[in-house]
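Asks: Handing you this structure, nothing more for now.
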Amino acid sequence: MAILLQQEAVERARLISVGSYSVDLDLTVSDTEFGSRTVVRFDCAEPGASTFVDLKAASIASIRLNGNEIHPSKVADGRLTLGRLQATNELEVVATMAFTHDGQGLHRAVDPADDLAYIYGMSFLDAAPQIYACFDQPDLKAPYDLTVTAPSGWVVAGNSPARETGSGRWEFETTKPLSTYFFTVCAGPYETVRDEHRGIPLALHARASLGADLRRHAPQMLEITKQGLDYYEDLFGIAYPWGEYHQFFVPEFNAGAMENPGCVTFRDQYIFRGAAGRAEIMQRSNTILHEMAHMWFGDLVSMKWWDDLWLNESFAEYMAHRSCSAATEFDDAWVDFGIARKNWGYAADRAPSTHPIAGNAAEDTDSALTNFDGISYAKGCSALRQLALYVGDDAFVAGVRDYLSRHSYGNATLADFLEAIGGHTDVDLTSWSTGWLESAGTDEICVAVEGDPIAVVEASRTTPQAHPADRPHMLDIAGFSGGRELWRTPVFTLGGDRTEQAPLVGLANPNLLVPNASDLTWTIPVFDEATLAALPQELPQVGDAQARQVVWAGLLNGMATATVDPRTVLATFETAFPVETNESLRHWTSRLVPRHLGAFLPYRERDDAVTRIAATAQRAIDAASDDAGSDDASDDAVVTPTRLLAATSTDEALLRAWVADEQIPAALAGDMDFRWSALIRLAELGLVDDAAIDAFAAHDRTLTGGQKALTAKVIRPTQQAKEWGWTQLEQNTGLSNYDCLAIAVGIFVAPDPDLVRPHIERYFRVLPALAERQGEFASQKVALEAFPVEITEDATSQAAQEALRTVRMTANVRRAIVDRAAVLDEALASMRRFGG
Ligand SMILES: [Zn+2]
């Protein structure tokens with residue numbers, strides 16, 4: 001299929017403007033296909049010229065341009081040339097489209113719990129032509145008239161209010177102007193919880209088999225939704241623009257969520273069927289607020305082309321954390337941001353594929369997707385946080401309001417955004433933008449002090465040599481000794497033309513000095529040897545969760561850059577985790593630390609590390625039991641370490657008891673996913689066979705249960721299990737995007753690298769080929785997950801480089817391999833430095 005080039009998009013937008021779309025979808029044709037009739041009315045600035053429309057149909061019944069038949073055979077490579085255009089034109093396409101199973105286009109999934117089918121539309125990024133004929137680029141906006149025929153009794157919703165005019169026949173109100181990639185329709189026997197807020201109708205939807213869980217979680221989600229609507233309307237000064245607000249939790253969704261105006265789609269794992277800790281509920285709340293911010297930023301005002309993707313994502317990420325911490329119960333949302341999101345972004349910024357936040361060359365839609373990374377989200381968010389500090393929050397908010405009102409229902413660029421902010425400040429935004437938005441790389445900040453009280457201060461900022469830039473950082477510094485916060489400086493500027501001395505002279509010299517203690521800027525703190533040695537002792541005592549998060553950022557990044565020994569990270573985790581009280585830190589360190597150590601420690605030390613992590617989890621559980629009944633007691637204090645224990649324990653009797661639903665802590669009672677994690681651990685240890693896995697799966701006939709069973713089977717430490725997994729990926733018969741991901745999770749997990757080493761060449765053959773059968777979004781995720789980073793050897797790195805040179809692959813699979821190979825190389829460098 002042809003990939004849209006930016007140059008083509010510019011030319012097409014110069015030539016035509018779209019007046020309206022009428023789309024009629026018939027979802028009752030068959031289980032594999034649906035009917036799609038589109039009428040597009042559009043003007044052409046140069047009558048007689050030609051352009052093209054995007055169309056990816058299974059079969060085409062008829063095409064008419066201004067009443068003249070065009071033979072369907074003229075459609076090639078997903079495009080149809082439209083010649084001899086008039087000043088005003090009408091194109092009609094009647095076609096049959098295929099339902100998809102990779103999360104792009106009109107996805108249809110059958111829930112094995114009850115055999116009911118669910119449909120949702122995902123037009124992002126270039127999947128709209130798999131649903132209807134269109135001029136698929138963000139800056140050709142138009143209003144839509146949608147009609148849908150669906151089985152009677154189904155829930156049907158989309159970008160505007162709909163009503164059922166006959167049995168199964170739905171008519172939608174004319175929408176406001178939409179970019180093509182916002183189009184959605186969700187249809188199926190969804191369970192619905194309705195509410196309203198100040199006249200805005202609200203609805204939450206999920207599969208019928210999740211109905212009870214949806215109802216259990218609905219009050220919390222509706223509360224966040226209302227808090228967000230109030231916060232954003234007040235901040236932006238513009239009323240919610242899209243009529244109703246539907247939130248659909250849909251199966252097998254590739255991303256976290258998608259901001260379709262008026263009808264957001266989310267991955268339905270957010271309707272937690274088991275225990276959900278504060279970090280998980282916060283993450284969901286944050287996603288709700290992220291998508292809602294897009295209703296203004298992204299949907300009301302859209303980027304002109306994908307190179308300004310950051311305008312969408314950095315902004316939504318920033319606004320979500322801002323509103324979450326200001327307007328909801330999650331006042332520690334920035335701690336979560338630091339440990340969960342920035343960690344992702346720092347890794348992306350270290351990788352060879354790093355790029356500036358803004359002004360990326362997204363020459364086509366395929367390369368645009370590769371920029372949906374930790375830079376466009378987390379680093380961009382940090383940059384906006386810096387901008388608000390740099391120009392002052394009032395000026396920042398006033399600029400945002402101008403930007404949104406000036407470009408409502410239209411498109412805008414970075415220049416438009418800076419111009420709007422610049423209207424409210426005298427600060428030089430050109431040099432700020434050059435340093436922060438238009439340059440890649442992360443600065444390291446190192447603060448060295450002498451004397452007690454401090455007499456000599458050396459605060460240095462090191463910018464990566466490969467990416468020279470001058471970024472002014474606004475930050476603070478805090479000093480801790482024995483857990484007591486001795487002092488915290490006011491926010492000052494380091495670098496740029498406003499640079500100030502770090503205001504430390506005369507303060508007590510602390511045991512632990514934390515640059516960027518409030519985590520206001522995008523930097524990696526660098527600790528000296530003495531501080532690193534003191535961390536296992538000092539960190540657990542630090543009372544401020546944000547400062548603890550910043551220290552963790554320094555540790556994890558230091559491990560990645562071979563400046564911190566992975567054994568120091570393990571030793572600090574052993575002392576800090578059992579007494580950690582912030583759930584985000586508990587949740588994320590319990591995932592990140594084991595994952596990293598599984599690649600960074602030499603093979604002979606890995607089993608011992610897992611044993612020490614399991615013992616750490618047990619100490620945390622014991623500490624929580626001692627606390628039970630106290631004011632500080634929370635389910636999270638038990639749930640998170642117990643999950644960690646299930647993933648790391650070698651206690652067969654305990655794991656078997658959990659699988660059998662025995663001895664499970666009350667906070668995890670009835671949590672099927674927890675029992676699966678115990679079973680998957682038994683499988684990893686080679687203690688259950690396929691028959692036992694199938695027998696357990698028979699009690700969980702759900703989409704999730706099916707996927708967990710795939711992971712359990714492939715993770716078993718036998719040649720047969722790995723061979724089976726590869727055969728599944730190679731043949732890919734009927735596997736969904738989620739099935740492939742479930743297999744990818746366990747395919748290189750093995751107690752002995754000899755078992756999986758022979759399959760490394762297969763990864764580089766099979767994964768690029770998978771992208772030909774699955775959408776780019778889905779195949780990129782599978783390539784990331786399956787990459788054999790745990791086979792930490794030069795040969796793996798060489799195989800990756802060889803494949804990048806010689807194997808044909810999509811931009812997105814290539815990016816996945818480049819990034820994971822970079823992590824592998826970091827692990828190899830760490831082993832060279834600290835012993836492997
Ligand atoms: Zn977003």
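Asks: Report the residue count in the range 465-499 for those that are free of Cβ contacts under 8 Å to residues at least 40 places away in the same chain and over 20 Å from residue 550 (Cβ atoms).
Replies: 7
Asks: Now for a separate question. Filter the range 313-329 for residues that are within 11 Å of the ligand (Cβ to nearest atom) and of a type in the set (Asp, Glu); which is nearest to residue 418 (Cα to Cα)?
Replies: Ranking the qualifying residues of the range 313-329, first place goes to 313.
Asks: Ok, one more. Is there a residue being closer than 20 Å to residue 280 by Cβ, part of a helix (DSSP H, G or I), more than 16 Å from the ligand (Cβ to nearest atom) and basic (Lys, Arg) anywhere in the range 341-351?
Replies: Checked against the condition, which is being closer than 20 Å to residue 280 by Cβ, part of a helix (DSSP H, G or I), more than 16 Å from the ligand (Cβ to nearest atom) and basic (Lys, Arg), the range 341-351 yields at least one hit.
Asks: If you don't mind, another one. Checking residue 336 against (1) over 17 Å from residue 373 (Cα atoms); (2) away from the ligand (no atom under 16 Å from the Cβ); (3) surrounded by fewer than 24 Cβ atoms within 10 Å (Cβ to Cβ), which single condition isn't satisfied?
Replies: Of everything listed in (1) over 17 Å from residue 373 (Cα atoms); (2) away from the ligand (no atom under 16 Å from the Cβ); (3) surrounded by fewer than 24 Cβ atoms within 10 Å (Cβ to Cβ), residue 336 misses just condition (3).
Asks: Restricting to the range 680-715, what's the tally of residues that are among the acidic types (Asp, Glu) and open to solvent by less than 20 Å² (accessible area, probe 1.4 Å)?
Replies: So in the range 680-715, the residues among the acidic types (Asp, Glu) come out as 684, 689-690, 694, 700.
Retained after the next criterion (residues that are open to solvent by less than 20 Å² (accessible area, probe 1.4 Å)): 700.
Going through the range 680-715 one residue at a time, the tally reaches 1.
Asks: Only residues that are of a type in the set (S, T, N, Q) and either open to solvent by 10 Å² or more (accessible area, probe 1.4 Å) or at positive phi (or both): list them for the range 381-433, please. So that I can check it myself, show each step before the final result.
Replies: Start the filter on the range 381-433 by keeping residues that are of a type in the set (S, T, N, Q), which leaves 382, 386, 405, 408, 411, 413, 425, 430-431, 433.
Passing the criteria: 405, 408, 411, 413, 425, 430, 431.
Asks: Related question: Output yes when any residue across the range 342-360 is polar (S, T, N, Q), open to solvent by 20 Å² or more (accessible area, probe 1.4 Å) and under 18 Å from residue 225 (Cβ atoms), and no when none is.
Replies: Among the residues of the range 342-360, not one is polar (S, T, N, Q), open to solvent by 20 Å² or more (accessible area, probe 1.4 Å) and under 18 Å from residue 225 (Cβ atoms), which makes the answer no.
Asks: Restricting to the range 1-24, name every residue that is surrounded by 14 or more Cβ atoms within 10 Å (Cβ to Cβ) and more than 30 Å from the chain's Cα centre (by Cα).
Replies: Selection gives 12, 13, 15, 16, 17, 18, 19, 20, 21, 22, 23, 24.
Asks: Now for a separate question. Can you pull out the residues in the range 787-822 that are crowded, with 19+ Cβ neighbours inside 10 Å, among the β-branched types (Val, Ile, Thr) and either modelled with pLDDT under 95 or assigned to a helix (DSSP H, G or I) (or both)?
Replies: Of everything in the range 787-822, those that are crowded, with 19+ Cβ neighbours inside 10 Å, among the β-branched types (Val, Ile, Thr) and either modelled with pLDDT under 95 or assigned to a helix (DSSP H, G or I) (or both) turn out to be 796, 810, 813, 817.
Asks: Moving on. Please indicate, with yes or no, whether at least one residue in the range 302-311 is open to solvent by less than 10 Å² (accessible area, probe 1.4 Å) and in contact with a Lys or Arg (Cβ under 6 Å, 6 or more places away or on another chain).
Replies: Scanning the range 302-311 turns up no residue that is open to solvent by less than 10 Å² (accessible area, probe 1.4 Å) and in contact with a Lys or Arg (Cβ under 6 Å, 6 or more places away or on another chain).
Asks: Can I ask one more? Return the residues of the range 141-161 that are closer than 30 Å to residue 5 by Cβ, under 27 Å from the mean Cα position of the chain (by Cα) and open to solvent by less than 10 Å² (accessible area, probe 1.4 Å); say none if nothing qualifies.
Replies: Selection gives 158 alone.
Asks: Let me ask another. Can you pull out the strands (runs of 3 or more DSSP E) entirely within the range 26-75 that have at least 2 residues that are in contact with a helix residue (DSSP H, G or I) (Cβ under 9 Å, 6 or more places away or on another chain), closer than 14 Å to residue 133 by Cβ and open to solvent by less than 50 Å² (accessible area, probe 1.4 Å)?
Replies: Numbers: elements: 33-44, 51-54, 59-65, 68-70.
Counting at least 2 such residues, we get 51-54, 59-65.
Asks: In the range 114-130, what residues are free of Cβ contacts under 8 Å to residues at least 24 places away in the same chain and aromatic (Phe, Trp, Tyr)?
Replies: Going residue by residue through the range 114-130, those that are free of Cβ contacts under 8 Å to residues at least 24 places away in the same chain are 115.
Within the range 114-130, no residue meets the criteria.
Asks: Can you tell me how many residues in the range 629-663 are closer than 26 Å to residue 210 by Cα, without any contact (Cβ under 8 Å) to a residue 40 or more places away in the chain and open to solvent by less than 30 Å² (accessible area, probe 1.4 Å)?
Replies: Of the residues in the range 629-663, 4 are closer than 26 Å to residue 210 by Cα, without any contact (Cβ under 8 Å) to a residue 40 or more places away in the chain and open to solvent by less than 30 Å² (accessible area, probe 1.4 Å).
Asks: Here is a follow-up. Please go through the range 185-204 and give me each residue that is crowded, with 19+ Cβ neighbours inside 10 Å and either in contact with a Cys (Cβ under 7 Å, 6 or more places away or on another chain) or among the small types (Gly, Ala, Ser) (or both), ordered by number.
Replies: Across the range 185-204, the qualifying residues are 186, 187, 188, 203.
Asks: Which pairs have Cβ atoms under 6 Å, sit 6 or more apart or on different chains, and link a residue in the range 280-293 that is within 14 Å of residue 334 (Cα to Cα) and open to solvent by 10 Å² or more (accessible area, probe 1.4 Å) to one that is within 14 Å of the ligand (Cβ to nearest atom) and of a type in the set (D, E, K, R)?
Replies: No pair meets every condition.
Asks: When the residues of the range 392-426 are filtered to those that are in a loop (DSSP other than H, G, I, E, B) and at pLDDT 95 or above, which remaining residue is nearest to residue 472 (Cα to Cα)? Don't jump to the end; show me each part of the working.
Replies: Filtering the range 392-426 for residues in a loop (DSSP other than H, G, I, E, B) gives 392, 407-409, 413, 423-426.
Now drop any that are not at pLDDT 95 or above, which leaves 392, 407-409, 423-426.
Working: 392: 14, 407: 30, 408: 32, 409: 34, 423: 21, 424: 20, 425: 17, 426: 16 Å.
My answer is 392.
Asks: Looking at (1) closer than 20 Å to residue 539 by Cα; (2) assigned to a loop (DSSP other than H, G, I, E, B), find the lone condition where residue 514 falls short.
Replies: Looking at each condition in turn, residue 514 falls short on (2).
Asks: Further question on the same structure: Please verify whether residue 610 is of a type outside the set (Asp, Glu), buried (at least 23 other Cβ atoms within 10 Å of the Cβ) and in a helix (DSSP H, G or I), treating the condition exactly as stated. Full working, then the answer.
Replies: Details: of a type outside the set (Asp, Glu): yes; buried (at least 23 other Cβ atoms within 10 Å of the Cβ): no; in a helix (DSSP H, G or I): yes.
In short, no.
The values are calculated or read from the model by the stated rules, or taken from the named source; none is laboratory data. None of the values given here were measured: they were computed from a predicted structure. Reconstructed Cβ throughout: ideal geometry from the backbone, glycine too, with neighbour counts over all protein chains shown. The accessibility values were calculated without ligands, DNA or RNA, using every heavy atom of the protein model including side chains. Shrake-Rupley method; radii C 1.70, N 1.55, O 1.52, S 1.80 Å.
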